[in-house]
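The values are calculated or read from the model by the stated rules, or taken from the named source; none is laboratory data. None of these values were measured; they are calculated from a predicted model. A quick note on method: Cβ atoms are made from the backbone with ideal geometry, for glycine too, and the neighbour counts reach across all protein chains shown. Each accessible area value is taken on the protein alone, full model and side chains, heavy atoms only, with ligands, DNA and RNA left out. Shrake-Rupley method; radii C 1.70, N 1.55, O 1.52, S 1.80 Å.
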Amino acid sequence: MIESLLVANRGEIARRIIRTAKRLGVRTVAVYSEVDAELPFVAEADEAVPIGPANPAQSYRNPEAILAAAKSSGAQAIHPGYGFLSENADFARAVVAQGLTWVGPAAEAIEVMGDKINGRNLMASAGVPVAPGTTEPVADAAAAVVAAREIGLPVMLKAAAGGGGMGMAVAGDEEAVAREYEKIRGFAERLFGDPAVLVERYFPRVRHVEVQILGLADGRVVALGERECSVQRRNQKLVEETPSPALSAQQRQALLTAAVRAGEAVGYRNAGTVEFLFAPETGDFFFLEMNTRLQVEHPVTEAVFGVDLVEAQLRIASGLPVTVPDTPSGHAIELRINAEDPKRFLPGPGTITSWVEPTGEGVRVDAGYRAGNTVTPAYDSLMAKLIVHGADRAQALERARAAVAAFEVAGPKCNLPFFGELLGHEEFVSGDYDTGIVSRLR
């Protein structure tokens, strides 16, 4: 096992990684920006190194600052968490070039799967189902219209280098295709430094289901169940659960097999997630993207499989074996507690004046903040994740309702009231919902 670990992240995921590392006897190093100095993850690490101002480009997205912190602290390995530099192939290469251990997949896998066009083409060649779409970037708005005509409207336009639900737009007619193409192209160039855009068929009623994979040190790729991620706003997830209430046993097995095939196609090592769109009317599913990192929603998989995925990551990175559980138990749900308005989901940062976490059987809270901390507009609005586990979905829902009612957050805006509404809504409770459920609630 590696002996010292720098966590190149912040907030709840930094705390969560530090917690497992400490349990394993691994010395931990936190890095932090000026505005994060008082957050819990900084105090909980064995050592903490300041790396710059609030602007992520000058701190958490600054490879030079993070590598300098690793050198000064004597860290042996770097765990990137999610977001920031976690899917930056050049950073992964730089870590390895410095003689450090990268807790993640090889840079080559990150690079291939980070480009949506290359990724979908590779998946198609490996026999993984992909949605009808372009196999090359569309050159201009006129080419996008021609592609949409061939694929069939409506279509989704996507930034090839995008991720996390960003750089996407739906177009229902040719005029909208041309308009949205220009918007996505400009957005992609500004945010990702890559203007490439692809066009795919859009399915109005679809579910978003993903599979957790582990590429083991011995070369095998295994799947640890699926996660249902269809409760979204602005193409970004709010609720995840496992197992998916949409899948039959046969459909689940087909999905897991496809995910393993996807991992094998890129020689995947460490933890990753293969995302699919699932059409409940037909039972068809299509590859969406591969996230070459730990997912925000990994705790629901941990709850039902009784596994620590961060420990698995550290063991794989150390070249050690991982015991992979065969059978999940029960049902788990995760709610993302964000500093945002529960009606329109607009960010509402501020200083936390009260923070009371729920407790009880089957209840887990992964929080990045506590009372007295300030949620700043410099970063994502996620404050905490509320995870509940029950013997079945009915019990998990019951525990989720009680936990939401007991969770107290004052100061910033908070989306807890939305979850109170969702958990009592007939469509969600039935399990028969899709990615449009939030818009129907609003």
### Subset of the range 87-121 that is of a type in the set (D, E, K, R) and out of contact with any helix residue (DSSP H, G or I) (no Cβ under 8 Å at 6 or more places or on another chain) - its residue that is most open to solvent (accessible area, probe 1.4 Å)
Asp115
### Those helices (runs of 4 or more DSSP H) lying entirely in the range 53-157 with at least 3 residues among the polar types (S, T, N, Q)
116-125
### Task
Kindly check whether there is at least one residue in the range 347-354 that is assigned to a loop (DSSP other than H, G, I, E, B), closer than 18 Å to Val300 by Cα, in contact with an Asp or Glu (Cβ under 9 Å, 6 or more places away or on another chain) and in contact (Cβ under 8 Å) with a residue 40 or more places away in the chain.
no
### Residue list for the range 247-264, restricted to those being of a type in the set (S, T, N, Q) and closer than 11 Å to Phe285 by Cα
Gln251
### Task
Can you tell me which residue among Gly272, Gly267 is touching a strand residue (DSSP E or B) at 6+ places or on another chain (Cβ under 9 Å), buried (at least 23 other Cβ atoms within 10 Å of the Cβ) and not hydrophobic (A, V, I, L, M, F, W, C)?
Gly272
### Task
Kindly check whether there is at least one residue in the range 168-179 that is open to solvent by 50 Å² or more (accessible area, probe 1.4 Å) and on the phi > 0 side of the Ramachandran plot.
no
### Task
Report yes if Leu294 is in a loop (DSSP other than H, G, I, E, B) and crowded, with 20+ Cβ neighbours inside 10 Å, otherwise no.
yes
### Query
Residues in the range 256-302 that are touching a residue at least 60 places away in the same chain (Cβ under 8 Å) and over 17 Å from the mean Cα position of the chain (by Cα): how many?
16
### Task
Within the range 335-351, work out how many residues are open to solvent by 30 Å² or more (accessible area, probe 1.4 Å) and of a type in the set (D, E, K, R).
3
#### Entry: Candidates Ala339, Ala396 - the one that is over 27 Å from Val42 (Cα atoms) and touching a strand residue (DSSP E or B) at 6+ places or on another chain (Cβ under 6 Å)
Ala396
### Close pairs from the range 53-65: first within 15 Å of Ala30 (Cα to Cα), partner small (Gly, Ala, Ser) and assigned to a helix (DSSP H, G or I), Cβ under 7 Å, at least 6 apart
Ser59/Ala65; Pro63/Ala94
### Task
Keeping to the range 220-246, report how many residues are farther than 17 Å from Val388 by Cα, touching a residue at least 12 places away in the same chain (Cβ under 8 Å), outside any strand (DSSP E or B) and not aliphatic (A, V, I, L, M).
2
### Task
Being in a helix (DSSP H, G or I), of a type in the set (Val, Ile, Thr) and touching a residue at least 40 places away in the same chain (Cβ under 8 Å) is the filter; apply it to the range 1-44 and report the residue that is farthest from Tyr60 (Cα to Cα).
Thr20
### Query
surrounded by 17 or more Cβ atoms within 10 Å (Cβ to Cβ), of a type outside the set (Phe, Trp, Tyr), under 18 Å from the mean Cα position of the chain (by Cα) and farther than 25 Å from Ala106 by Cα - does that describe any residue in the range 205-215?
yes
### Task
Being open to solvent by less than 20 Å² (accessible area, probe 1.4 Å), small (Gly, Ala, Ser) and within 21 Å of His331 (Cα to Cα) is the filter here, so list the residues in the range 404-442 that pass it.
Gly431
### Query
Among (1) open to solvent by 60 Å² or more (accessible area, probe 1.4 Å); (2) among the charged types (D, E, K, R); (3) more than 30 Å from His298 (Cβ to Cβ); (4) in contact (Cβ under 8 Å) with a residue 12 or more places away in the chain, which single condition is Arg201 missing?
(3)
#### Entry: When residues of the range 310-334 are limited to those that are among the β-branched types (Val, Ile, Thr) and open to solvent by 10 Å² or more (accessible area, probe 1.4 Å), the one nearest to Pro377 (Cα to Cα)
Ile316
### Query
In the range 158-172, which residues are part of a loop (DSSP other than H, G, I, E, B) and at pLDDT below 95?
Ala160, Ala161, Gly162, Gly163, Gly164, Gly165, Met166, Gly167
#### Entry: Search result, residues across the range 180-198 that are farther than 27 Å from Ser86 by Cβ and open to solvent by 70 Å² or more (accessible area, probe 1.4 Å)
Glu182
### Candidate set: the range 122-145, residues that are exposed (fewer than 14 other Cβ atoms within 10 Å of the Cβ) and among the aliphatic types (A, V, I, L, M); chosen: the one farthest from the chain's Cα centre (by Cα)
Ala142
